[in-house]
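Notes follow once the structure below has been shown.
The values are calculated or read from the model by the stated rules, or taken from the named source; none is laboratory data. Predicted model only: the values in this text are computed from it and were never measured. Note: ideal-geometry Cβ built from the backbone for every residue, glycine included; neighbour counts use all protein chains shown. Ligands, DNA and RNA are excluded from the accessible area calculation, which covers all protein heavy atoms including side chains. Shrake-Rupley method; radii C 1.70, N 1.55, O 1.52, S 1.80 Å.
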Amino acid sequence: MIDKSFYTTLYERIMSQDRFLLTTHCGPDPDGIGGELGLNYLLNQSGKDSIVLNNDPISPMYRFLDPESQIMNLETLKDHSVIRDRTIVLIDTSEISRTGEIQRYADHNSIMAIDHHDSNGGHSDTIFQNPSVGSTSEIIYELLEIAGISLSSIVAHALYAGIVADTGYFRFGKTRSRTHEIAGKLMEYGVHPPDIAERLYNSAPAGRLLVKKILYNNLTVLEKDSIAYFHIKQSDWEQLGLVSDDLGGIVNELIEPYKIKAGILFTERSPNTIRVSVRSKGNANMLPAVAKYGGGGHKNACGATILLDLQSAIKEFIPEAISCIQNS
Ligand SMILES: [Mn+2]
């Protein structure tokens, strides 16, 4: 049970300001997008001046969530003066360093964060972080309910997508009865779950199948079947016409077998830049391993970027991951 005062304090804090810039982490995901669209709607309905600006464009597979293109990005923003004198609200992260070039504007603006991750970089003036909630979209829904505002169809769809993406369709550990309740309320605004599932999970390019062939060729299982990992080279995913977002979620497959406690995907984004995506089950807390590389997330779903070549990154990281499993 989450203290109601968390939401009322957050609501009051937001309402005490007038101009906002909402942003999320690099590589915006459905939860970041849902949180942004939901909060932007709340602020606009409350007569506030709010814009949504991310470092990165939204990847093609998530663009259906923002049909009116309300979310801007730094690549296409022409007039940077609109950024001035706004409270920057980090959504789905509490670390300004994860927002890319948006952090350049941090010195001139106050920063607050609304987040549900377990880890916390602590670089915001005010952090509203609730790690017991399955998604940031749920936190934003609570604010809309406090305000008594009826939702638009776009907001309901985006929040629902954020919830199902972050809870793995109500499978992951932070799924609460309230999560299901909120999902039910969003359906009353016209959300049809099979449509969202189809758009989120059955709209991948064919290259996603072919990339799995390469990944599984590179599969290693160690430590009495408790840890599994695979890797992919930049040239391999690029040749298949994929962008790195297209690999999202594949790492979840590694923990499907009963005995596997942790699964790791090493993606070569560029030479000497390796993205490490980690998934684990139950008590296996993988945060200490990614924290060594400045990464973060949830204990069962986290990541980091390692600035080494692919083989060195694997060689360094796997012992860290093994010790996390042993210490959990
Ligand atoms: Mn999230």
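What is the dipole size for region 1-105, taken about its Cα centre, with +1 at each Lys and Arg Cβ and -1 at each Asp and Glu Cβ, in debye to the nearest 20? Please report the intermediate quantities before stating the final value.
Numbers: 10 positive and 16 negative charges, 49 e Å.
Result for region 1-105 is approximately 240 debye, rounded to the nearest 20.
Within 10 Å, count the other beta carbons around each residue, average over each peptide in 154-165, 203-214, and list them highest first.
154-165, 203-214
Tell me which GluC sites (Glu not before Pro) from region 154-252 have a DSSP coil assignment and no more than 15 other beta carbons within 10 Å of their own.
Numbers: sites: Glu181, Glu188, Glu198, Glu223, Glu238; in loops: Glu188, Glu223.
In loop regions of region 154-252 (DSSP not H, G, I, E or B), the sparsely surrounded GluC sites (Glu not before Pro) are Glu188.
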> How far is helix 207-217 tilted off the main Cα axis of the chain, in degrees rounded to 10, range 0 to 90?
Replying inline: 40 degrees
> Between the DSSP loop rule and a limit of at most 10 other Cβ atoms within 10 Å, which chymotrypsin sites (Phe, Trp or Tyr not before Pro) in region 206-286 are left?
Replying inline: Tyr258
> What is the spin-label model distance, in nm, from Arg171 to Asn44 if the labels are put 7 Å beyond Cα along the C-beta direction?
Replying inline: 3.5 nm
>> Probe of 1.4 angstrom, ligands and nucleic acids ignored: what's the accessible area per residue over region 26-158, in square angstrom?
In response: 37 Å²
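Below 8 Å between Cα atoms, with a sequence gap of 6+, how large is the relative contact order for region 4-201 in percent? Please list the in-between numbers first.
Values: 365 pairs, mean separation 47.0, N = 198.
It comes to 24 percent, rounded to a whole number.
With a ≥ b ≥ c taken as the square roots of the eigenvalues of the C-alpha gyration tensor of region 284-324, please select rounded if a/c is under 1.5 and otherwise prolate if a/b is larger than b/c or oblate if it is not? Walk me through the numbers before you get to the answer.
Values: a/c = 2.51, a/b = 1.47, b/c = 1.71.
Oblate shape, in that a/c is at least 1.5 and b/c is the bigger or equal ratio.
Over its Cα atoms, what ratio of radius of gyration to 2.2 N^0.38 Å does region 207-327 give? Kindly include the intermediate steps, with their values, before the conclusion.
Details: Rg = 13.2 Å, N = 121, 2.2 N^0.38 = 13.6 Å.
It is 0.97.
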> About its Cα centre, what dipole magnitude does region 148-249 give when the only charges are +1 on Lys and Arg Cβ and -1 on Asp and Glu Cβ, stated in debye to the nearest 20?
Replying inline: 220 debye
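Among DSSP bridges having both ends in the chain, what percentage is antiparallel? Round to the nearest 5. Don't skip to the answer; put the middle values down first.
Values: 20 of 46 bridges.
Antiparallel bridges: around 45 percent, rounded to the nearest 5.
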> What list of ³J(HN,Hα) couplings, whole Hz, do you get for region 246-257 from phi and the Karplus terms 6.51, -1.76, 1.60, once you set θ to phi - 60° and write x for glycine and proline?
Replying inline: 5, 8, x, x, 4, 4, 4, 4, 5, 9, 5, x
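Are there trypsin sites (Lys or Arg not before Pro) in region 218-270 that DSSP puts in a loop and that have at most 14 other Cβ atoms within 10 Å, and which ones? If you can, show how the numbers build up before the last one.
Details: sites: Lys224, Lys233, Lys259, Lys261, Arg269; in loops: Lys224, Lys233, Lys259, Lys261.
Filter output for region 218-270: Lys224, Lys259.
Where does the chain land at 222 nm, in deg cm²/dmol rounded to the nearest 500, when only DSSP H runs of n ≥ 4 count, each adding -39500 (n - 2.57), divided by all residues? Mind dumping the intermediate values first?
On the way: 10 runs with 115 residues, N = 328.
Result for the chain, helices only: -11000 deg cm²/dmol.
If you stretched the chain out fully between Asp79 and Ser203, how much longer would it get, using 0.36 nm times the residue separation minus the C-alpha to C-alpha distance? Walk me through the intermediate numbers first.
Details: separation 124, 0.36 × 124 = 44.64 nm, distance 3.40 nm.
Working it through step by step, the gained length comes to 41.2 nm.
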> Using 0.36 nm per residue, how much length does the chain from Arg104 to Ser59 gain when fully extended, once their Cα-Cα distance is taken away?
Replying inline: 13.9 nm
>> If you consider only alpha-carbon coordinates, what radius of gyration and Dmax does region 1-144 have, in Å?
In response: 13.9, 45
>> Rounded to the nearest percent, how much of the accessible area of the chain (1.4 Å probe, protein heavy atoms only) is carbon and sulfur?
In response: 49 percent
